[in-house]
Amino acid sequence: MSKEQFKLVPAKPYPALILEGESKKTLIVADLHIGWEVSLAEEGVHIPSQTPKLLGKLLTIIEDNKPDSLLILGDVKHAVAKIEMEEWRDVPNFFEEVLRKVGDVKVILGNHDGNLEPLLPEGVDVVSPRGLILGDVGLFHGHTWPRPEMMGCRILVIGHVHPVVTFRDPTGFRITRQVWVRAECDGRSLTRLLLKRIGAKLGKEPPKLLENLRKTRPEVTHIVIMPSFNEFLGGQAVNRRRIGREDKFREFIGPVLRSGSVNLESAEVYLLDGTFLGTIKQLRTLF
Ligand SMILES: [Mn+2]
């Protein structure tokens, strides 16, 4: 089955992506983390809700690009399992405003989206963390493996990492900027690992599902890591040495990037305005 080729266009200078099919335009944003400021209040730092700013930015992008649908690539809210007081108010308001401008709104669940569903107004569709396929592009949050059918996609798009680069200038000041990362991916190796994992889960008698999956031709050539839509969040410096290998960051990278099938060394890094900065390997020298 050949899939329609979709075009990926970053909505410069925003951390947002436009996915263009022949008849459909989808706006994609990742990692909103609504309510992150509430977690600071627990530390004694009180900041007014930043959600109106996030909403304003999103509405501007919608106004500029007129998408048919909006897809949120996980981590709508910040509190992982529970619902904070502010989230009871901010999350439903946010979506009600967005629904006035875009009729079709979907959320792929991320690792911070425990108990998100009671907060979503009618009209917002919830998609499993295993992701969604649009044309030849597979989209999922990134903290868990995607559905196996995605191995037949050309490009995978994930969030979760909150990628940034950090430079040190000669005086010792640190500069941190959000970035896009585009990495080559060995589709065959990734598919093999994914099937092995499913096989291990299913035990000795792999049902027809697995048989069909074995026939899926691995097509993945690239993976795109989206910057977080909430620019106040901390991020993972992709140019730090040994990214993902230190224990405390392993979780933050997710199984696909950890799989060894993604060539992070030669991955291309771009600023939000589209400026090409270099490969991760080159940028490591500046960390
Ligand atoms: Mn996440």
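The values are calculated or read from the model by the stated rules, or taken from the named source; none is laboratory data. Please read all numbers here as calculations on a predicted model, not as lab measurements. Cβ placement follows ideal geometry from the backbone for every residue including glycine, while neighbour counts extend to all protein chains displayed.
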Q) Can you pull out the residues in the stretch 143-164 that are assigned to a loop (DSSP other than H, G, I, E, B), touching a Gly at 6+ places or on another chain (Cβ under 8 Å) and of a type outside the set (A, V, I, L, M)? A) HIS143, THR144, PRO146, ARG147, CYS153, GLY159, HIS160, HIS162
Q: Hey, can you tell me all the residues within the stretch 124-142 that are outside any loop (DSSP other than H, G, I, E, B), surrounded by 19 or more Cβ atoms within 10 Å (Cβ to Cβ) and either at pLDDT below 95 or more than 15 Å from the ligand (Cβ to nearest atom) (or both)?
A: VAL124, LEU132, LEU134, VAL137, GLY138
Q.
With the requirement that a residue be touching an Asp or Glu at 6+ places or on another chain (Cβ under 9 Å) and away from the ligand (no atom under 16 Å from the Cβ), what does the stretch 159-183 give you?
A. ILE175, TRP180, ARG182, ALA183
Q | Subset of the stretch 30-79 that is assigned to a loop (DSSP other than H, G, I, E, B), touching a residue at least 24 places away in the same chain (Cβ under 8 Å) and away from the ligand (no atom under 16 Å from the Cβ) - its residue that is nearest to GLY254 (Cα to Cα) | A | GLN50
Q.
It is to be established whether one or more residues within the stretch 150-166 are more than 30 Å from VAL102 (Cα to Cα) and in contact (Cβ under 8 Å) with a residue 12 or more places away in the chain.
A. yes
Q) Checking PRO10 against (1) within 16 Å of the ligand (Cβ to nearest atom); (2) in contact with a Phe, Trp or Tyr (Cβ under 7 Å, 6 or more places away or on another chain), which test does it fail? A) (1)
Q) What number of residues within the stretch 100-123 satisfy the criterion of being of a type in the set (S, T, N, Q) and crowded, with 21+ Cβ neighbours inside 10 Å? A) 0
(Q) As an exercise: evaluate MET150 against (1) buried (at least 24 other Cβ atoms within 10 Å of the Cβ); (2) modelled with pLDDT of 95 or more; (3) of a type in the set (A, V, I, L, M) and give the number of the one condition it does not meet. (A) (2)
Q: Return yes or no: is GLY110 in contact (Cβ under 8 Å) with a residue 40 or more places away in the chain, assigned to a loop (DSSP other than H, G, I, E, B) and under 24 Å from SER39 (Cα atoms)?
A: yes
Q. If you go through the stretch 13-32 one residue at a time, how many are modelled with pLDDT under 95 and not polar (S, T, N, Q)?
A. 3
